[in-house]
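Beneath this line is the structure, given in structure tokens, with notes to follow.
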Amino acid sequence: IIILCLLFLLNVTGPALAEKAYVTDSFRITFRTGPTLENKIVAMLASGQAVEVLESQGDWSRVRLLGRGDDTEEGWVLTRYLTSRVPWELKASTLSKENEELKKKLQALEIDLERAIQRERESSGQLMASASALKDLKKDYETLKKGAAGYLELKGSYEEIQGRLEKIQKDFEALNKEYERLRSSQRTQWFIAGASVLLCGLVVGLILGRKQKKRRSPYY
């Protein structure tokens, strides 16, 4: 019962064993080899130094220093200079570091945002240029479509006229041949008629010449 009471009193009067604590604000305290002021001072601990409380004896606590390499350095400090809350200087330092990191992240995000805005502007400009080009292409297409329709219509008329011209050309050639044939036939007829007239004239001349000879013959 006595041992249990002593353990209870130790838990009530001193910090919990193996509990993380800090040297209080704005202090530099002694770190000794034992739990008395006569023990040798090993180091001076600054405010915010993290320690692990191993045991407590009256006003003193045996602690292990944290954040110093292998964390094996142990010694004694006055318990009243330990606190379980994080000192404001350490908090301020931590918050300052976090603030700096947040500023860097914010700057990186602002740069990314600016780049994204720039890409969006470029994409928007390219989209507007593409839309304008598409509009121009549609206009050109409609113009070509109308021109093609007129061209097809003219082509149909041309082919029709070409067909008529070829037919007229064939008819002309046929008529020309017929004309040449008739002309040749007419020449032949005129030649025959002229030859006939000439022949008749010769025959008549011969006949008349004989008659004149017969008329002259009684007088000689």
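The numbers here are math on the coordinates, done by the rules we state, and not lab data. From a predicted model like this one, the values you see are computed outputs, not experimental measurements. Here the Cβ positions follow ideal geometry from the backbone for every residue, glycine too, while neighbour counts run over all protein chains shown.
Across region 40-146, the convex hull enclosing all Cα atoms gives 156 Å³ per residue.
Per-residue 3J(HN,Hα) values for region 181-187, derived from phi via the Karplus relation 6.51 cos²θ - 1.76 cosθ + 1.60 with θ = phi - 60°, read 5, 5, 5, 5, 5, 5, 4 Hz in sequence order (x marks Gly and Pro). Per q in 0.11 Å⁻¹, report the Debye log10 I(q)/I(0) for region 116-180, using one uniform scatterer on each alpha carbon and no solvent. For region 116-180, the Cα-only Debye profile gives -0.56. Sequence-ordered 3J(HN,Hα) estimates for region 197-206 from the Karplus curve with 6.51, -1.76 and 1.60 and θ = phi - 60° stand at 5, 5, 5, 4, x, 4, 5, 5, x, 4 Hz, glycine and proline given as x. Extension gain, R121 to T83, is 8.1 nm, computed as 0.36 nm per intervening residue step minus the present C-alpha separation. Site pair A133 and I168 shows an inter-label distance of 5.1 nm when each label is modelled 7 Å from Cα along Cα→Cβ.
Figure the gain on full extension for E160 and K103 (residue separation times 0.36 nm, minus the Cα-Cα span) and round it to one decimal in nm. Length gained, E160 through K103: 12.2 nm. Across region 91-220, the convex hull enclosing all Cα atoms gives 142 Å³ per residue.
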